[in-house]
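Report on the following structure.
The values are calculated or read from the model by the stated rules, or taken from the named source; none is laboratory data. As the structure is a prediction and not an experimental result, all values here were calculated from the model. No Cβ is skipped: glycine too gets one built from the backbone with ideal geometry, and neighbour counts run over all protein chains shown.
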C-alpha cells in the first residue's frame, strides 16, 4: 500500500463522482434552479418586508438578496450532502458500495475519499450558482470568491458527513422522504440562512436558541464571513467540530464488525 | 497453462492454500448464520459452494471480503488474515457479487478504470489490463458503450473481467448466473473453469444450481450454516449414499423441503 496507491484511489473516486455528475444533468439543473428560485422570487418579495440592520460582516446596509446568498450556498451543499447520502443508500442496495468497500485500502480512507468527492461536486455547484447570481447583478467582493473556497470545503465536508452518517443508519431507500421533512427543512429554516438571528430572538428566545444550536447556522455563518474575507472563529470551530463528530460516527457506522450490510443478506444468503 | 500460471503455481506451492477458512462462525443476533466452517482452496482449484437459498453462502462471502467481521474463526488469503491485515488480503481477492454492481450510466471502460484506480493501478497498466481481460471475454469491442445498453449476460462478463483486473489469486463468485438463460450460463461457467485452469486462480463459486457442477470440481455442501459434506463429487455422493450430485443435494439439504431452489 504505497502513497501512489492512495493517490490513484482518491483520483479514481473523485473522477467517478464527477463523471456521474456530468451524466446526471437533471441533478445539476435542479441543484441550480432551487437556490435561484429562492433568490429571484422569494428574496425579491421579502425585500420590502424585511429591514436589515448592519451586522458583521457587513459594513453597510445590504439588500435581502445579498443577505441570503450564504444561506443559499449552504442550501446547495446541504442538498448535495443529502443527495450523496441518498446515492450511498442506493449504492448499498444496488451493491456498488460493496465494490468500494472491498478494495484494498483502509475503510476510513475510502469513506473520506467519497466525502471529499461529494464536497468537490457541491463546490462546483456553488460556483455555478454564484456565476448566475452575478449576472443577475448580485455581486460579492471580488476577493470573496477566493476566500470563500476553504469555507466551502469545511461546510461541504460537514454536510456530506451528515449525509454519510444518515446513510449508515438508514437501511432503506423508502425512508428518504423522511429525511427531507426531518433533516433538510428544519435545518434550513431554523438557521441564520434566511434571517439574522437577532430578528429571530425578537420573536422567540427558544427558536433563537435552537437556531444557535443548529450546526447549519454555523456553516452558513462561516460561509458568510468568508465571503467578506473574514473568519468567524466560533462558527468555524463549531463547524469543524461537528464535521469531526459526523465523520467519526459515520466511519463507526460502516465498521465491518457491526455488519452494516446485514438485513438484506440475511434473506438472500 | 500459461507461463504466468506456472509461475503463479510455483510461487503458490511455497505458501500453501490460496484461501483458508478455519472454525468460522457468525450470527445475526442470536440466530446462527454460519457454524464452525472450515475448508481450504488450493491455487488452481475450482470449488463449488452448493446450498439452497438461505444456506449462508452470501454471509460467508461477506466475511471473506471483510464486509462483516467475525471474532470466531479465521480467514486467510494467501496467508494474510482478513481481520488483521484486511488490505493485504483484499488485494488478492476478486469478487463478483450476487447483485450487479456496475455503474449503469458509465461506460464499460470507465467502470473498469474506476476499479483499477481502487486497486492502485497506473493509467497505462490499467489500459493494458482492461484490454487483456475484455478481449478474453469477447467484450473489448463494447468498451465504449454504457453498461445500461448491455444485456444481463454481457454485464456479468464485464463484472468477471473487472474482478480479474488486478490479477487476484482468489476469485469469489456469488451466484453469478442468477437470472441468465441456459446457454449464457453455460458459457460463463465454462469460461471461469478455463480461467481457473489457465491462470491457476483459486475459484469459489456459490450456487444452488447443481448443473453448474463439473465432474472434477470440488464441492462444499452448505445448508443452514453448516457444512454437510465436502470433497470431490464422488466423495460427496458417497457421503450422501447416492450416485449423483443432484441426489446428494436433495439428501443433504432435504430436511427442509421448502427451502430448496
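Considering region A:1-78, the qualifying helices (runs of 4 or more DSSP H), each wholly inside and each with 3 or more residues that are at pLDDT 90 or above and either in contact with a helix residue (DSSP H, G or I) (Cβ under 6 Å, 6 or more places away or on another chain) or within 14 Å of chain B (Cβ to nearest Cβ) (or both), run over A:3-23. Residues that are more than 7 Å from every other protein chain (Cβ to nearest Cβ), surrounded by fewer than 23 Cβ atoms within 10 Å (Cβ to Cβ) and part of a loop (DSSP other than H, G, I, E, B) within region B:92-120 comprise B:92, B:104, listed in sequence order.
For residue B:195, state whether it is assigned to a strand (DSSP E or B), touching a strand residue (DSSP E or B) at 6+ places or on another chain (Cβ under 8 Å) and in the same structural domain as residue B:54 (by TED's automatic domain parsing). I'd like the intermediate steps shown before the answer.
Numbers: assigned to a strand (DSSP E or B): no; touching a strand residue (DSSP E or B) at 6+ places or on another chain (Cβ under 8 Å): yes; in the same structural domain as residue B:54 (by TED's automatic domain parsing): yes.
No; evaluated as a whole, the condition is false for this residue.
Taking the condition within 7 Å of chain A (Cβ to nearest Cβ) and either modelled with pLDDT of 95 or more or closer than 30 Å to residue B:247 by Cβ (or both), does residue B:58 pass? Judged against the criteria, residue B:58 is a match. Quick test for you: out of B:171, B:134, pick the one residue that is outside any loop (DSSP other than H, G, I, E, B) and touching a strand residue (DSSP E or B) at 6+ places or on another chain (Cβ under 6 Å). Answer to the selection: B:171. Set side by side, the residues A:253, A:229 differ, and just one is over 17 Å from the mean Cα position of the chain (by Cα), surrounded by fewer than 22 Cβ atoms within 10 Å (Cβ to Cβ) and either more than 14 Å from every other protein chain (Cβ to nearest Cβ) or at pLDDT 90 or above (or both), which is A:229. Test residue B:84 against the criterion of being more than 8 Å from chain A (Cβ to nearest Cβ) and assigned to a loop (DSSP other than H, G, I, E, B), and give yes or no. In short, yes. Every listed requirement among (1) in a loop (DSSP other than H, G, I, E, B); (2) in contact with a strand residue (DSSP E or B) (Cβ under 9 Å, 6 or more places away or on another chain); (3) buried (at least 22 other Cβ atoms within 10 Å of the Cβ) is met by residue B:89 save one, (1).
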